[in-house]
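Have a look at the structure below before the remarks.
The values are calculated or read from the model by the stated rules, or taken from the named source; none is laboratory data. This structure is a prediction, so every number in the text was calculated from the model and none was measured. Using ideal geometry, Cβ is built from the backbone for each residue, glycine included, and neighbour counts are taken over all protein chains shown. Each accessible area value is taken on the protein alone, full model and side chains, heavy atoms only, with ligands, DNA and RNA left out. Shrake-Rupley method; radii C 1.70, N 1.55, O 1.52, S 1.80 Å.
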Amino acid sequence: MQLILVTNEVSSSLSTAEPSPGFAETIGNAQPIGTTVGVGDSLEVTIWEAPPAVLFGGGTFNTRIESSLQGSRPGTLPETMVGPSGTITVPFAGQIPAAGRTLRQIEQTIVARLHGKANQPQAIVRIARNATANVSVVGEVTTSGRFPLTPRGERLLDVIAQAGGTKQPVERMTVQVTRSDTTVTMPLQSVVRDARQNIILERDDIITALYQPNSFTVIGAAGKNEEVRFEGVGLTLSQALGRVGGLQDMRADPKGVFLFRWESAERVRRLVDPQVALPDGPVPVIYQVSLKQPETLFAAQNFAMKNGDVMFIANSPSADFQRFVNILASTVLPALAVTNTVRAQ
């Protein structure tokens, strides 16, 4: 366990520590969703034939010069869902493999199957309803749900906007992105400010909007003892003291503000001594804050709170003495009063 006095140097060292990696550095941009079809997608197939159309319809166009030209009209098939077998059915072409293939590949297969049956067929396939390339948006947003991805390449802020935005102000929100087995969390305000963190999403990504996801606990001679939640953009020590109502004037010791936290061994060596022997893993650290020193108030403005911190505010010696006097007054003085009453009788 290490006891460290909070000074301007300590606050500066902590504030200049390596920032946590964001979305761009961890999960990165996904490739925009192409036109690959999956099971459950609904496709719309349109087939054209050169005149005279044999299978999929034709028409006559009036040229208004006492003659007419025979042309073709597209034959659009009813919307077809890709079944569990991964195929769709096209009249005169049979079962067409679709799952895992691009729209262009499906078009080419349809044309090849109709060759010799239709007159110079051409096919156009589009995804009418996307059931596989979606992302989920949950949490503190106006409308939670699954939202489709397109070849445009939807970004994180795009789908949050599609969900109606966040219910709380941006500066108080944290956004969490889960992709496969990786989960990364960032303040939403940092994503708005840094375009690199506004990543392109991948199918089945899960976006969770969190309101004030962090917290610290305060006990002792503070204005109130409770768990205090704070936003992802962070909170300084001076702000934390303000949120708990400060120190109790008649009870707290201004030199006895302590912050309990687990720190990495590397960070502790940077704050204390590069050669100090420390155990492997997280190291318990107690930061002592003396509000008797005016310069400490400046240090507190740069000292960042962390999720899970515990703040303890000690009683002043005079408060302990006063408590002793109160106990004495509530026990001894009544006994003396009773004794004097008996003697008087």
Total residues in the stretch 284-321, condition exposed (fewer than 15 other Cβ atoms within 10 Å of the Cβ) and more than 36 Å from the chain's Cα centre (by Cα): 7
Among the residues of the stretch 234-284, the number that are under 30 Å from Met173 (Cβ atoms) and among the aromatic types (Phe, Trp, Tyr) is 2
Find the residue count for the stretch 87-121, including only residues that are open to solvent by 10 Å² or more (accessible area, probe 1.4 Å), under 35 Å from the mean Cα position of the chain (by Cα) and not polar (S, T, N, Q). 4
Mind listing whichever residues of the stretch 248-283 are in contact with a Lys or Arg (Cβ under 8 Å, 6 or more places away or on another chain), closer than 23 Å to Phe216 by Cβ and open to solvent by less than 60 Å² (accessible area, probe 1.4 Å)? Pro254, Arg261
How many of the residues in the stretch 166-185 are open to solvent by 20 Å² or more (accessible area, probe 1.4 Å) and either touching a residue at least 12 places away in the same chain (Cβ under 8 Å) or at positive phi (or both)? 12
Could you please tell me which pairs satisfy a Cβ distance under 7 Å, a separation of 6+ or placement on different chains, a first residue in the stretch 223-234 that is of a type in the set (Lys, Arg), and a second residue that is at pLDDT 90 or above and assigned to a loop (DSSP other than H, G, I, E, B)? Lys224/Val244; Lys224/Gly245
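Go over the candidates Val233, Val192 one by one and state the one that is open to solvent by 70 Å² or more (accessible area, probe 1.4 Å), of a type in the set (Val, Ile, Thr) and in contact with a Leu (Cβ under 9 Å, 6 or more places away or on another chain).
Values: Val233 fails: open to solvent by 70 Å² or more (accessible area, probe 1.4 Å).
Only one candidate passes the filter, namely Val192.
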